[in-house]
Amino acid sequence: MRLNELGQPIGDALPDWTACDPPQSSVLSGTYCRLERLDADRHAADLFRADRADVSGASWTYLPYGPFADLASYRGWLEPAAAGMDPLFYAVIDTDPRSDEGTTGRAVGVLSLLRVQPDVGSIEVGHVHYSPALQRRRAATQAQYLLMAYVFDDLGYRRYEWKCDALNAPSRAAAHRLGFRYEGTFRQATVAKGRNRDTAWYSIIDAEWPRVRTAMRSWLNEDNFDDSGRQRTPLQVSR
């Protein structure tokens with residue numbers, strides 16, 4: 001433990017720390033998916049079509065917007081979202097060789113980087129919405145990996161956050177699976193869709209990233225999948 005001249009405990013010194021650049025990459029490419037800056041003209045129709053497969057609308061329950069009744073209303077949300085830099089939205093383009101012809105090369109989900117704090121090296125992933133064509137697919141995991149690698153390896157951030165409604169069990173399970181550590185729950189953090197929301201906080205810090213990166217690369221390797229596309233080793237085991 002470090003002490004200052006008054007005998008008080010203080011944090012580790014960071015003599016070499018410099019502020020990070022804000023995220024701005026237009027394309028991040030992987031084997032199973034490609035992330036492209038969200039664009040209404042290029043992505044809205046494909047995303048709306050893919051999202052329509054969620055007939056019940058359950059994938060929208062914990063987001064502060066959606067579901068959308070028609071393409072016009074969806075574009076009404078997407079256009080201003082795509083124009084911003086914080087959140088910085090990406091469309092997930094399906095490039096998996098095992099995908100159905102109907103989704104190959106099409107946008108099947110979105111996610112974003114937000115609460116960007118270059119001075120302290122903290123950033124959050126959020127607004128994650130995967131259509132049924134992307135859910136539980138290896139491209140879904142690779143989309144998360146591409147953003148993580150961009151943030152830690154290319155931009156040099158120290159902290160990568162994940163936050164979700166504390167009642168959103170699938171999101172909480174996804175955070176654990178991807179290697180995030182639970183930090184606590186902010187009670188009555190906000191109001192969404194006229195409901196109270198307690199927010200669960202998770203993070204990965206730069207010291208943990210090499211372990212997470214190695215596990216994700218191992219899991220995403222083509223050799224980890226059989227001829228039917230089923231995983232041989234779960235991500236948690238790899239980590």
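The values are calculated or read from the model by the stated rules, or taken from the named source; none is laboratory data. All values derive from a computational prediction rather than experimental measurement. Ideal geometry is used to build each Cβ from the backbone, glycine not excepted, and the neighbour counts take in all protein chains shown. With ligands, DNA and RNA removed, areas are computed over all heavy atoms of the protein, side chains included. Shrake-Rupley method; radii C 1.70, N 1.55, O 1.52, S 1.80 Å.
See the values below:
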item	result
Helix 40-51 vs. the chain, principal-axis angle (Cα, 0 to 90°, nearest 10)	80 degrees
Separation of the S73 and L14 label points, Cα + 7 Å toward Cβ, nm	4.3 nm
The range 1-62 - accessible surface per residue (Å², probe 1.4 Å)	65 Å²
Under the Karplus curve 6.51 cos²θ - 1.76 cosθ + 1.60, θ = phi - 60°, whole-Hz ³J(HN,Hα) for the range 117-128, x wherever Gly or Pro sits	10, x, 5, 10, x, 10, 7, 10, 9, x, 6, 7
Loop-located chymotrypsin sites (Phe, Trp or Tyr not before Pro) in the range 103-207, at most 12 other Cβ atoms within 10 Å (DSSP)	none
The range 162-231: trypsin sites (Lys or Arg not before Pro) falling in loop per DSSP and having at most 11 other Cβ within 10 Å	R230
Cβ-Cβ FRET estimate between E101 and S228, R0 fixed at 30 Å, reported to 0.05	0.95
Residue-wise HN-Hα coupling along the range 99-106, computed from phi with Karplus coefficients 6.51, -1.76, 1.60 (Hz; x: Gly, Pro)	6, 5, 4, x, 10, 4, x, 10
Heavy-atom accessible surface of the range 147-239: percent carbon and sulfur, 1.4 Å	46 percent
Paramagnetic label zone (point 7 Å from Cα along Cα-to-C-beta, D206; backbone N under 15 Å) in the range 98-126	117-123
Span from the the range 180-239 Cα centroid across to the the range 22-56 one, whole angstrom	20 Å
T31 paired with F186, simple spin-label distance in nm, labels 7 Å along Cα-to-beta-carbon	3.8 nm
Interchain or long-range residues, amide H under 5 Å from D54's placed H	none
Solvent exposure of the range 66-205 as accessible area per residue, Å², 1.4 Å probe	45 Å²
Rounded to 5, the percent of DSSP beta bridges in the range 45-194 classed as antiparallel	75 percent
Whole-Hz couplings from phi, Karplus 6.51/-1.76/1.60, listed for the range 65-82; x for Gly and Pro	9, x, x, 10, 6, 8, 5, 4, 5, 5, 5, x, 7, 5, 4, x, 5, 5
Accessible surface of the range 1-137, 1.4 Å probe, proportion on carbon and sulfur as whole %	51 percent
V120 accessible area, assembled protein chains, probe 1.4 Å, Å²	80 Å²
Bins of 5 Å from zero: percent of alpha-carbon pairs in the range 1-123	2, 9, 15, 17, 15, 12, 7, 5, 5, 5, 4, 2, 1, 0
